[in-house]
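Written below as structure tokens is the structure these notes are about.
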Amino acid sequence: MTEPERRTTKRFRMLLRMLPAEFRGDFGPEMEQVFVEQREEAACEGGKVGIWRLWWETVKGIFTTAPREHLSMLRQDSIFALRMMRKNLGFTIAAIIVLGLGIGANTAIFSVVNAVLLKPLPYQHGERLLMMRQATPSTGLMGRNVSVPELMDYRRQNRSLDAIVEYHNMQFILLGRAEPEQVETGVISWNFFDIFGVKPLVGRNFVPDDEKPGAPAVLLLSYEYWLRSFGGDPTVVGKVFRMNDKPHTVIGVLPPFPQYPQENDLYMPTVACPFRSSAHMIGNRQMRMVRMFGRMKPQTKPGEAAADLSAVASSMVHEFPNDYPDGADLKVDVTPLKAELTRDAKPTMLFLLAAAGFVLLIACANVANLNLARMVRRERELGVRTAMGANRIRLFRQLLTESALLALFGGALGLLLATSGMQLLSAYVVRFTPRAREVHIDLTVLLFALGIALFVSILTGTAPAVARRENLITTLKEGGTQATLGSARGRLRSALIVAQVAVSFLLLIGADLTVRSLINLQHVDPGFHPENVLTIQFSLDFSRYTTNEKILAFWDPLLQKVQAVPGVTSVAVAGVFPLDKSPALNNQFDIEGQQGNDSGKPVAELNVISPGYLQVLGIPLLGGRDFDAHDRPESTKVAIITQSTAQRHWHKQDPVGRRISFDNGKTWTQIIAVIGDVHEHGLDLPANDLIYLPLSQYPQNGPALMARTQGDPMAVARAVVQRLYEVDPNQPAGRIQSLEQYRADSIAAPRLTANLLGLFALLALAIAAAGIGGVMALAVSQRTHEIGVRMAIGARPAEIVRMILSQGMGLALVGVIIGVAAAFALTSAVKSFLFGVTPNDPATFLAVAAVLAAAALAACYLPARRAAKVDPLRALRTE
């Protein structure tokens, strides 16, 4: 026997003497011979294999091992892993729950990101579709619609698009059913759905003949309206309904698809719309009411299309100078339709995906720590397997198999959690994009969940392999429950705890900032009182209410009847009301006695209201008088302006009694009052310049009825509708909703974002606190003998508590410091989601640090208290 073999035999017999008696029977002469033959390669040198070598050898083994042998080995490893999981049921359940929460959060958010941001548009040639808007940068007018003559010029003169279609939305009254119905109607080019590649589910699409002057009026129903109003009855195709004072035939039903830019009940060709087909609209280059969509020719880039269309715009300015401001730099901005549909959703979705990713990292770190804790108790088992000839690569495969099974079980739980949250997420996403209906669990999401599970298994399975003890003799000597933590493993566990605390700090900072922003939004004074206000939107039948006298003859008796409804305290009519998301009607105006500045004439938003509007909304009258019955069409034109409008354009002068003009001085309107500012379009938006005009002087077909009530406004809604039918049985009510609900809807998106982020942050905090508590509990159990010695030589329980607390709080402090540094670098990414609070708000940082410190203290206190109760005599006997 050679000298190396003698040393190896001696080592084997020494190891055999260290083993418990129950293990020694498994090691006979044959095993001694195997051990001698393998010598130090498996038992000693294997411990020096680096982690990258472990991975390389493991992956290489998978591809070089015979499939049958590989499957057999995988089956053995899996059976053993399941046995160990059943034996350590508490660890298994905890790990699966933690991983399930992390994987579930990521899978749910990814399903949204995949449907909204990653998947191609559900349109044919969706990558070639464009949204096009006119802009005049020199005047600050961006994102403008186009007129019909401009649309025709773009169609004829462009060279980069193979089709340009138009769209605008109207509200019409559909007659011919049990009750009249107000319907949202999209007015489109005949080939609108052709360029989108949308084919009817039932019936036919529009054809060129449908857009010829004098063609019979036809309709396409949207899928949602078809189900809601006709119960999905296919026989509706061919039925005739009356609308716009003429019959309209239903020719088809559209399939479900993302409707943009608005959800419509039905669609009609442009010739069927009395406004779009009027001679005034067709011939007036300044009547810009339609939106343009286009499809690029193959191989064309959006930039090329923008340059081409902008050249057409420049030629229009040169050819028709009277229709454009002097020196107008008219251009066309183009946006790929996919980017247009996801513009509002993209920042929020990516932000939430990053937050969910942080939760997953914390979950991985926690499970890796649980694995490390379990490894302490498995040292002797792994040492015995090593002594029997298993090299480190073989053990690494076993540990990886166990973590992979845990991750797969966690992934299954996460997939279940993600599926259960699909409806909630879809309701959330619909506030940002019309692609919400595409959110579901599909093959891509399943593969993502599987990939996440594999990623988790790699992270959680690698940590124990990296930290495994390399000294086989020490392993077999110590083993058991009193095995020491080891410096390398201790450092790794501490690093994982620090990472959990740091990432938790980031999530808590983001959650706290968004919650404070939400609170700030809720405390914004909107300039009106939304409580107990009922709103009913109308669209009068223009075929019957053709003159101002007829319009006023409808509103006057209706207001009187609604005012008499029990429970109604005041009533009014408004062209638009706060937070209803109606497009603003902006108009330039001249101020008597003032010259326009270099930037041009002042611009303000116009709104038409009836007397009583200020009382219904509780808007304060700061000076002057309200509109009243004396403000008739034949009277002097009058207007009311807001406080910010007065301050911006009249500075310190009193504007009451001054005059403005909307038609270059041809007629003048006298300002009779100044009222408080109103946040018309959002609580997070500043109050804009606003001018109110009386309904009696500017009658409208589509204003809204508003009534302040003594109690729940929805309780009187039916009575108000009955009064409407008394005035006109063929006039339907549109959307009926309380103003308070409009206010709640206006902040629904930030509220849901704050709730989701807060949920992720609390989840991360709980996992991190549990991780700190677990580390401290393990440290106490492993230092029982040391604690007993300390107490035997005079250490008091309070000193033991301080020692344990200082260890845990030290890790938490390091994590907080790292989290603060990372937060200062990353919180600017959430700036666009904030309102009334800065990303680096000191109060937020202090509050989050205090919460984390309290959670860490609570997590450390229980193990510390347990350590203080250690009996020194029992602790010393455990050695």
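Please list 251-257, 398-404 highest first by mean number of surrounding beta-carbon atoms within 10 Å per residue.
Numbers: 251-257: 19.1, 398-404: 22.4.
Highest-to-lowest ranking by the protection proxy: 398-404, 251-257.
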Return the long-range amide H neighbours of Arg658 (sequence gap of 5 or more, or a different chain), with a cut-off of under 5 Å between placed amide H atoms. Ile671
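Which chymotrypsin sites (Phe, Trp or Tyr not before Pro) in region 252-321 sit in a loop by DSSP (not H, G, I, E or B) and have at most 16 other Cβ atoms within 10 Å of their own Cβ?
On the way: sites: Tyr267, Phe275, Phe293; in loops: Phe275.
Within region 252-321, the qualifying chymotrypsin sites (Phe, Trp or Tyr not before Pro) (loop, at most 16 other Cβ atoms within 10 Å) are Phe275.
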Please state the charge dipole magnitude for region 198-279, taken about the Cα centre, from unit charges on C-beta atoms (+1 on K and R, -1 on D and E), reported in debye and rounded to the nearest 20. 140
State, to one decimal in nm, how far the label point of Asp728 lies from the label point of Lys119, with both points 7 Å from Cα in the Cβ direction. 4.2
What are the ³J(HN,Hα) couplings of region 449-454, residue after residue, when phi is run through the Karplus curve with 6.51, -1.76, 1.60 and θ = phi - 60°? Round to Hz, x for glycine and proline. 4, 5, x, 4, 4, 5
With point charges of +1 on the Cβ of Lys and Arg and -1 on the Cβ of Asp and Glu, referenced to the Cα centre of region 228-349, which listed residue (His318, Gly238, Leu341) lies farthest in the positive direction of the dipole? Gly238
Here FRET efficiency (C-beta to C-beta, Leu621 to Lys346, R₀ 45 Å, nearest 0.05) is 0.55
Convex hull per residue volume in Å³, alpha carbons only, for region 751-808: 68
Say the cut-off is 20 Å between C-alpha atoms; which of Lys550/Lys666; Lys301/Lys346; Lys301/Lys331; Lys199/Lys581; Lys246/Lys581; Lys297/Lys338 go over it? Lys550/Lys666; Lys301/Lys346; Lys199/Lys581; Lys246/Lys581
For an R0 of 35 angstrom, estimate the FRET efficiency from the Cβ-Cβ distance between Phe230 and Gln522 and round to the nearest 0.05. 0.30
In sequence order, what are the phi-derived ³J(HN,Hα) couplings for region 231-236 according to the Karplus relation 6.51 cos²θ - 1.76 cosθ + 1.60 with θ = phi - 60°, rounded to whole Hz, with x for glycine and proline? x, x, 6, x, 6, 5
Got a number for the accessible area of Ser494? Probe 1.4 Å, square angstrom, nearest 10. 40
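Which of the chymotrypsin sites (Phe, Trp or Tyr not before Pro) found in region 503-587 are loop residues per DSSP with 14 or fewer other Cβ atoms within 10 Å of their Cβ? Before the final figure, lay out the partial values.
On the way: sites: Phe505, Phe528, Phe538, Phe542, Tyr545, Phe554, Trp555; in loops: Phe528, Phe538, Phe542, Tyr545.
Hits after loop and neighbour filter: nothing returned.
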Alpha-carbon centroids, region 500-522 and region 634-706: separation in whole Å: 40
Once you have a ≥ b ≥ c as the square roots of the Cα gyration tensor eigenvalues for region 119-190, tell me rounded if a/c is under 1.5, and otherwise prolate or oblate according to whether a/b is larger than b/c. prolate
Can you compute 3J(HN,Hα) from phi for each residue in region 823-836, using the Karplus curve 6.51 cos²θ - 1.76 cosθ + 1.60 with θ = phi - 60°, rounded to whole Hz and x for Gly and Pro? 5, 4, 7, 10, 5, 4, 5, 9, 4, 5, 9, 9, 9, x
Cβ-Cβ cut-off under 10 Å around His681, Lys and Arg +1, Asp and Glu -1: the net charge is -3
Under-5 Å amide H pairs with Phe835, H placed in peptide plane, nonlocal only: Ser517
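If R₀ is 22 angstrom, what is the calculated FRET efficiency for the pair Lys601 and Tyr698, using the beta carbon separation as r and rounding to 0.05? Write down the numbers at each step before the final one.
Values: r = 20 Å, r/R0 = 0.90.
FRET efficiency, Lys601 to Tyr698: 0.65.
If we count every other residue with Cβ under 12 angstrom of Pro269's Cβ, Lys/Arg +1 and Asp/Glu -1, where does the sum land?
Working: positive: Lys212, Arg276; negative: Glu166, Asp209, Asp210, Glu211.
Around Pro269, the charge tally is -2.
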Please state the charge dipole magnitude for region 510-669, taken about the Cα centre, from unit charges on C-beta atoms (+1 on K and R, -1 on D and E), reported in debye and rounded to the nearest 20. 120
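For region 81-148, divide the Cα radius of gyration by the Kirkwood radius and give the resulting Rg/Rh value with two decimals.
Numbers: Rg = 25.4 Å, Rh = 17.4 Å.
Rg/Rh for region 81-148 comes to 1.46.
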Quick one: accessible surface of Thr547, probe radius 1.4 Å, all protein chains present, in square angstrom to the nearest 10. 50
Loop sites in region 402-449: trypsin sites (Lys or Arg not before Pro), DSSP, at most 16 other Cβ within 10 Å: Arg431
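The values are calculated or read from the model by the stated rules, or taken from the named source; none is laboratory data. Since the model is a prediction, treat every value here as computed from it, not as a measurement. Every residue, glycine among them, receives a Cβ derived from its backbone with ideal geometry; neighbour counts consider all protein chains shown. Protein only, heavy atoms only, side chains kept; ligands, DNA and RNA dropped before computing areas. Shrake-Rupley method; radii C 1.70, N 1.55, O 1.52, S 1.80 Å.
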